[in-house]
Structure formats: structure tokens, C-alpha cells
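Structure first, commentary second.
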Amino acid sequence: MNATRRCTSTASATAVVLATAGGLLTVAAVPASAATTCTSPVYKRQFFANTAFSGTPKRTDCDSAVDEKWGANAPASGLPTNNFAVRWSVTRDFGSGGPFALSVAVQDGIRVYVDNSRKVDLWKNGSTTTKKTVNVTIPTGRHTLRVDYVNWTGSANVQFGYTPNTSATADKVKPLTPTGASASYDKTTGKAKLGWAKNNEMDLAGYRVYRRLKGAAFGSTPLATTTSTSYTDTPPASGEVYYYEVRAYDRAGNASAGSTDQAVVSADRTAPAVPTGLSATGESTGLRVGWSAVEGAASYRVYRAATAQGTYTLVGSTGKVSYVDTSAAQDVSYSYRVTALDAAGNESARSVPLSGTRRDLTPPSAVTGVTVVPTEYGFAVSWDANPTPDLARYVVRRGELWGDDDEKVCSLYPGYYVSADTTSYAYTTVPDGDESCFIVDAIDDAGNSAFQWTGEAQIVTATELDMTPSVATPEGSPLRLEVSAAAGTEGNRLTWSGLGASEEGPSAPALGFRIYRWNPATADYEKIDEAPAGAFEYFDTGARRGTTSYYWVTGVMSDGTETLPAGDMAVTAPTA
């Protein structure tokens, strides 16, 4: 007989009152049936001295399993060897439920119930052991199992067990989602402690722990797998928020949904990235060292050495992305390295060395004598030679005039560099009558700009000639024309496409092409040449330099008609 466990019996006395002829007679109290409780999943077991389970049980105790081989003996003191009954019952949590196998081996009779619904019925007197297995589906939650056993005559033997079916083809029920999830973080050790309540699945295989960074999703691969109800993790020491969840999985491979997310904020022990993009620029007060901003950096430290391989010492700190080394001497080369620090004080490795020299900071004198003459190619700009000894080059800059007539501002475009031994520049632009402004800036061999240092320059305004043809190019041509200005003696280059030129078009191929150039004297587009079928380019060597040339190209069709023209233009500077 299995040893009893976790039983509690409470006896109470009941007074029995008998009626007699002379009145009421009270006799001594007799023991009532003991109230026995057993902790699930231990069975409550009751012994009856009959096969009808009637009357008060002769004995009640707790049994961990239904597995008895009494043979020809009485099952307990005070019970007969034949014609007795035993009942086992237990109420337990089956978690998410699912398929279960109820297995019995018995001599004589047995009946098994799930929530009072009979699932096994072998109810007869026998001389041999009978075995049977029944597959059932148990719903989620708490359910009661009851086993009724009867021995009429002969040997008494009984076995019963209930086990989950863990076949992946039979069990498609997911485990219940873990509950009671919690997470705590120890900043000293950098460890996160996770915990959750034990899952009640009978076929539970374990738990999977997942971690994600705030704003990201949980990955398909778990951080860890465990059979425990706790896990300790060491998340990246980045000062960021991490979320954890736990999923239960059973022996059939089914996995539950994730528990409620549990957040921790890790200690920040991760240094920022190393600064990059270092630059050094001389200023009036010292040598400015700059670098690209580093994500997460709260400040930067600047280190200096006499050479790239020398000993670096801290020269300053800043919260900006540049630092002016006021102690740097002019015309002396130094090497610098920069580190980034975050709000937690983590310092990055040092950047690669950068050499810099505090250079000459005296700008050239301003350019004088600037004149601007409108031309057919744009403007002819000239100026007086600048007397600065270390002059390196000039910059010719054109701009637009903004504002009203009383106060206009010259908004400058980027300029064109001109060598220091030149005092003129042919500024090419489409002459279509716009008003422009010009300055000429001087730059020395240290890169100092007279205009950038002082903000002052001689501004000259001029209005373009209007070379626009009086005959507009119509729309709808099947051709596309592009004209490139001549760079040497080859002339302006015309290239076109469509009508069987450089690519097939939707229209029939042309038998040839005609090239026209605008003549301002006649106010007309005059034909200058023809090209055969399949041609796609033409060089106009007859075009005059130092002017703006406008072109048309038409296609000649099989009936002798011309298509609408495609137009474009080119501006050429005068030859030197």
C-alpha cells in the first residue's frame, strides 16, 4: 500500500438522542466520519466495506498514486478481503488542457470519471488483470478525476494513470501564457533578474526568455531556454531600456504567447564612438580643431602632442564639435587627438591623429578697379592687379540683386578661381537681360580671403544683353536636341535623338535632318547644313566664339515635309 501523505483529519463528536416511552434518553457521543483534505495532485482515498460505496467510509486518507496490489489481503485494517470498494478523487489544474491518455490495469472492476463524466468502464468480477487505455481531451482549467474500484472475490489489484499526449500530431494546444512576470536590475553587477509563476501544464517542457531593445521587436531566437521559473541576464551596459518576456513551451513543441513585457534600464558603461572627420583651421585667436558630432556624446576632450607619435596631453574640453587651441604658436605644427564622453562619463578611445599649423591670418587687401561689361557671351570682368605679396588667386563671383530700388542686396553665387597673374575673366552666362552684381575677391597662399575676413568688396552691377531670339521654338517636336559649347576648334556640338537618330521613336524614321542657326541680323533661323538619315550629331565649326548661338534641328520626312524643330543653345567664351 502506498504511504499516505499531506492528510489532515478532524474528528468531531455527535450526540445521539433516543426516544423512549419515558421521554428522551441521551447516550454517549460516537465518532463522526473524519474530515480529510489532501493537497492536489495527491488523491483523497476512501475505503468502503461494501461494493456500493454506501455508508460512511471505513477509512479516509491521502494517496500519491493509484497503484495497489493487495492480492488476497484486506486493503486496510477493519475491511474484508472480498466485497470491498475504494474511491480515489483529486481536483487539479490542467493548465491549457489538451489530449490525455487514461490507462488502467485492474482485477476486478474499475470506473474512471472526469468531472462526473464516465470515461472508463470495466465493471465486472474477473480472475485476471484487464488493461485499457482511453484517449480524452481535457479542457483548460481545473477538473476532477474520480476512480471507483471494486473487488468482489479473488485477488485485488488496481493501477490508474493519466498522462498528456505529447505527440506533435495529436497535441495542437498551446500552453497557457506565463503569469506573474517581474524583472529587477542591479546597477552594481549589471544583471537583470527575471521571475515568473510556475506554469500548470502537465506536459510543460520549459520556458523561453526573449529580450528586445526599446523600439525593436522580439526576435525569433530566444535569449535563453530554462526549466526554472527565473533567469538572470546581463544586458548590454548601454544605458538603454530593454524589455523581457517569457513564453512556455510543451513537449509537443507548442509555445504560448509572451508574458507581459518587463522593462529594465541598464547601467551605461558603453563609451561613445571615436570622433572622426577631424580638421584644423587657423583663426585670429588660435588653431581651431573640429570634428564630426558623435551620437550620445555630452562633451569632448582635445589632446595635443608635438608629433603624431609623441606624448599627448589634455589641452581642453568642450561641449561643442570644435575647440580653439589658443596656446598654439603660429607656424608651428602640432598633432591632435579627440575623445568623446557621454553623460555617464564614459570616454571613447582617441581619434586618429591630425596635424595642424596655426597659419598666417592676415588677409590680402581688397581688389579695386573692378569693371563689368555686358557681352554676347555674358560679361567681361576686369580689375586692377592686387599688390599683396603672397597673393595666390582671385575669385570672380556673380550674384542676384534682391530688394527694392532704394536698398538692394547682392546675393552671391559660388565663384570661379583665376590665377594671380590675371586681371580679367570672361564670365559666360545666358544673356537674357537680367541684372547682375559682381565682386572680385583676393586670396593669399594661406587661404585668407579679403572678402570673407572683412565682409567688404567693390560691388559692380551690370545688366545683360538680351540675345534671346525673337522667334520662339514651338513645342511638340519629335526630336530632342542638346548643344555643347565648343571647348577648342571643333565648334559647338549638336546631338539629337528621335526619328531614327540615336534611338527608335514612335514615329517613322526621317530621311534626313536640317540644322538651323539664329541670325540676329536677319532675325531668322537660317539653315547652315543638312545631315543624312540616321545621323545624330553635328559640329558647327562656323559658329563665332565669344557669343551665344541658338539652334534648331528638324527632321525631313518621306513626303518632303519638315517636322517641328527641336531647339537649344550654347554660350562660348572668346578665344584667348
(request) Just the number, please: Stokes-Einstein D of region 371-463 in µm²/s, Kirkwood Rh from C-alpha pairs, 25 °C, 0.890 mPa s. (result) 177
(message) A 24 angstrom limit on the alpha carbon distance is what I want to check against. Which of 119/172; 172/193; 131/174; 44/119; 172/214 exceed it?
(response) 172/193; 131/174; 172/214
(request) Read phi for every residue in region 301-313 and hand back ³J(HN,Hα) as whole Hz from Karplus 6.51 cos²θ - 1.76 cosθ + 1.60, θ = phi - 60°, with x for Gly and Pro. (result) 10, 10, 10, 9, 9, 6, 9, 4, 9, x, 8, 9, 10
(request) Would you kindly compute the Cα radius of gyration of region 490-576 and its largest Cα-Cα separation (Dmax), both in Å? (result) 13.6, 47
(request) Filter the GluC sites (Glu not before Pro) in region 370-433 down to the DSSP loop ones having no more than 11 other Cβ atoms within 10 Å, then list what survives. (result) 407
(message) Counting each pair of different Cα atoms once, what's the Kirkwood radius of region 279-357 in Å, rounded to one decimal?
(response) 12.6
(message) I'd like the FRET efficiency for residue 103 and residue 153, computed as 1/(1 + (r/R0)^6) with the beta carbon distance as r and R0 of 25 Å, rounded to 0.05.
(response) 0.50
(request) Kindly put 453, 552 in sequence by how many other C-beta atoms sit within 10 Å of each C-beta, fewest to most. (result) 453, 552
(message) Please list 3J(HN,Hα) in residue order for region 54-71, calculated via the Karplus relation 6.51 cos²θ - 1.76 cosθ + 1.60 where θ = phi - 60°; whole Hz, with x for glycine and proline.
(response) 9, x, 7, x, 6, 7, 10, 8, 10, 9, 7, 7, 8, 7, 10, 9, 6, x
(request) Grab the Cα-Cα distance for residue 52 and residue 189, subtract it from 0.36 nm times how many residues apart they are, and report the gain in nm with one decimal. (result) 42.7 nm
(message) Need one number: convex hull volume per residue for region 269-412, Cα atoms only, in Å³.
(response) 197
(request) Using amide H atoms built 1.01 Å from N in the peptide plane, name the residues 5+ places from residue 355, or on other chains, whose amide H lies under 5 Å from its own. (result) 336
(request) Tell me the Kirkwood hydrodynamic radius of region 181-221 in angstroms, computed as one over the mean inverse distance between distinct C-alpha pairs. (result) 12.8
(request) For residue 132, list the aspartates and glutamates whose Cα falls under 17 Å from its own Cα; do not include residues on the same chain fewer than 8 positions away. (result) 67, 68, 108, 121, 148
(message) For a quick size check, give me the Cα extents of region 155-240 along its three principal axes, largest first, whole Å.
(response) 71, 28, 17
(request) Sum up the charges of everything whose Cβ sits under 10 Å from the Cβ of residue 165, counting Lys and Arg as +1 and Asp and Glu as -1, but leave residue 165 out. (result) -1
(message) Which order do the peptides 216-226, 134-144 come out in when sorted by mean C-beta neighbours inside 10 angstrom, highest first?
(response) 134-144, 216-226
(message) If you wrap a convex hull around the alpha carbons of region 402-528, what volume per residue comes out, as a whole number of Å³?
(response) 219
(request) Could you tell me the convex hull volume per residue, in Å³, taken over the Cα atoms of the chain? (result) 425
(request) Return a whole-number percent for the relative contact order of the chain, with Cα pairs under 8 Å and 6 or more residues apart as the contact set. (result) 7
(request) Compute the distance in nm between two label points, each set 7 Å from the Cα along the Cα-to-Cβ direction, one at residue 212 and one at residue 267. (result) 2.8
(request) Enumerate the amide H contacts of residue 547 below 5 Å, restricted to partners 5 or more residues apart or on another chain; note that Pro and chain-start residues carry no placed amide H. (result) 572
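A short reminder: the numbers here are calculations on the coordinates, not readings from a lab. Fair warning: this is a prediction, and the values are worked out from it, not measured in the lab. Neighbour counts run over all protein chains shown; Cβ positions are idealised from the backbone, glycine included.
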